[in-house]
1. Report, by residue number, each residue of the stretch 50-65 that is surrounded by fewer than 18 Cβ atoms within 10 Å (Cβ to Cβ) and under 19 Å from GLU148 (Cβ atoms).
2. All but one of (1) in contact with a Ser or Thr (Cβ under 9 Å, 6 or more places away or on another chain); (2) touching a residue at least 24 places away in the same chain (Cβ under 8 Å); (3) assigned to a helix (DSSP H, G or I) hold for ARG118; state the number of the condition that does not hold.
3. Looking only at the stretch 110-117, decide whether some residue is in contact with a Gly (Cβ under 7 Å, 6 or more places away or on another chain), among the small types (Gly, Ala, Ser) and within 23 Å of LYS167 (Cβ to Cβ).
4. In the stretch 45-73, which residues are among the β-branched types (Val, Ile, Thr) and under 22 Å from ILE105 (Cβ atoms)?
5. Name the residue, out of ILE85, ILE127, ILE103, ILE145, that is within 13 Å of the chain's Cα centre (by Cα) and more than 23 Å from ALA174 (Cβ to Cβ).
Amino acid sequence: MTLVHVALAKSLRTVVGNKKVLFFEFVNSIMGIFAFEKSVGGVVFRKQDDKILFLLLRYRSWQWDFPKGHTEKGENEQQTLRREILEETGISQIEILPKFRKIVIYFYRAKGNEKTERAEKGRGVNIFKKAVLYCVQTSIEQVTIDFENKDYVWLGFEEAYKKIGNKDSKRILALANKAILKNS
């Protein structure tokens with residue numbers, strides 16, 4: 001049971017009491033409406049001369065963000081991180097910075113192709129997502145994007161910050177930049 005499930009259970013108990021039958025009926029009905037998902041990704045950076053450059057990917061939604069993706073059954077977070085970075089960028093040589101692990105929890109409603117794909121697979125289009133982000137260094141400049149992405153770019157902190165549209169991703173980028181500078 002995830003933290004979201006526990007929170008729902010606690011809040012529901014205050015409404016309907018401790019009648020377990022009602023709780024499980026509620027959870028079963030809501031699971032068809034909502035999807036609870038976990039993604040793992042990384043703020044990927046490399047050093048070039050005296051500069052720190054961050055890797056951003058342009059997703060099918062045309063939004064610029066970090067490489068990340070769903071955890072597969074049996075994977076731990078770092079295995080997911082390594083697999084997703086390799087799949088989305090072709091980068092296999094990474095070093096995970098110690099003590100940098102940030103969590104973002106958000107809700108969104110699938111649109112366009114994602115909505116169609118989710119509906120075809122019987123998955124909910126209202127998504128509660130927990131994204132775990134690490135800070136990852138590489139020396140590899142060459143990026144090979146996968147089918148999920150439209151483009152990529154290596155940018156300095158200020159340019160990357162401006163290009164990212166999501167406020168949570170901007171916050172994570174700023175925290176990663178601070179951690180990198182502290183460790184340099």
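1. ARG58, TYR59, ARG60, SER61, TRP62, GLN63
2. (1) is the only condition that ARG118 fails.
3. No: the stretch 110-117 contains no residue that is in contact with a Gly (Cβ under 7 Å, 6 or more places away or on another chain), among the small types (Gly, Ala, Ser) and within 23 Å of LYS167 (Cβ to Cβ).
4. Of everything in the stretch 45-73, just one residue is among the β-branched types (Val, Ile, Thr) and under 22 Å from ILE105 (Cβ atoms), namely THR71.
5. Criteria check complete, one pass: ILE127.
Here is a yes/no grid of residues against (1) assigned to a loop (DSSP other than H, G, I, E, B); (2) out of contact with any Gly (no Cβ under 7 Å at 6 or more places or on another chain):
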site: TYR108; (1), (2): no, yes
site: TYR134; (1), (2): no, no
site: ASP146; (1), (2): yes, yes
site: TRP154; (1), (2): no, yes
site: LYS170; (1), (2): no, yes
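Each value in this text was obtained by applying a stated rule to the coordinates, not by laboratory testing. All figures in this text were calculated on a predicted structure; none of them were measured in a lab. With ideal geometry, Cβ positions are generated from the backbone for all residues, glycine too; neighbour counts draw on all protein chains shown.
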